[in-house]
Amino acid sequence: MTTQTAPVAENASAARPVKAPQGTTALVGGTAGADEPAATRGRTSIADVVVVKIAGMAAREIPGVHDMGGGLSRTLGAVRDRVPGGRPNVGRGVKVEVGERQTAIDVDLVVEYGVAITDVARDVRENVIAAVERITGLEVVEVNVTVNDVHLPEDDEAGPADSRVE
């Protein structure tokens, strides 16, 4: 039985393939070595949850967006928001697929009654693309917007039901 060894690299600054942890995307492949510029020494990885949070925040900035997520996720989110010390989930209603250089984003919305849904969807799409591309450097290939519900004004006014007993 013979064993083979890998040849020793003559140039210490040769790029070494580094696999990004699961759920992250290696954005910039850097090189190693003291003779390389400081900005290119190393590698940048972006976790999928980072893209989710950026897209969620960008979508919520648009007037006419009341909430995000489907019925069950909104219900669980409402419970979570009421727990003392709990933080709102800014990524609720956002799903992403992140590749090496590109990302695709799905956003579930609840819009306010009376707003033009097509206008809100267009504004959300534009804002999400601008924010994700600016902050992460990834190319956004698509933003799919699904409107799951319409928030009616009387939904806010619904107080506790009148009790039948005192």
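The values are calculated or read from the model by the stated rules, or taken from the named source; none is laboratory data. All of these numbers come straight from a predicted model, not from anything done at the bench. No Cβ is skipped: glycine too gets one built from the backbone with ideal geometry, and neighbour counts run over all protein chains shown. Surface areas here come from the heavy atoms of the whole protein model, side chains and all, with no ligands, DNA or RNA. Shrake-Rupley method; radii C 1.70, N 1.55, O 1.52, S 1.80 Å.
Looking at K53, is it open to solvent by 40 Å² or more (accessible area, probe 1.4 Å), modelled with pLDDT of 95 or more and closer than 20 Å to V147 by Cβ? It would help to see each step written out before you state the result.
On the way: open to solvent by 40 Å² or more (accessible area, probe 1.4 Å): yes; modelled with pLDDT of 95 or more: yes; closer than 20 Å to V147 by Cβ: no.
When the stated conditions are applied, K53 does not pass them.
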- Query: How about the stretch 117-133: which of its residues are farther than 18 Å from G93 by Cα and touching a helix residue (DSSP H, G or I) at 6+ places or on another chain (Cβ under 9 Å)?
  - Reply: A130
- Please work out which residue is least open to solvent (accessible area, probe 1.4 Å), limiting yourself to the stretch 102-146 and to residues that are among the charged types (D, E, K, R) and in contact (Cβ under 8 Å) with a residue 40 or more places away in the chain. D108
- Return the total of residues in the stretch 90-108 being assigned to a loop (DSSP other than H, G, I, E, B) and closer than 11 Å to G56 by Cα. 4
- Item | Residues of the stretch 47-63 classified as under 9 Å from the mean Cα position of the chain (by Cα) and assigned to a strand (DSSP E or B), total | 0
- Query: Can you name the residue in the stretch 64-107 that is aliphatic (A, V, I, L, M) and at pLDDT 90 or above and is also nearest to L152 (Cα to Cα) among such residues?
  - Reply: V65
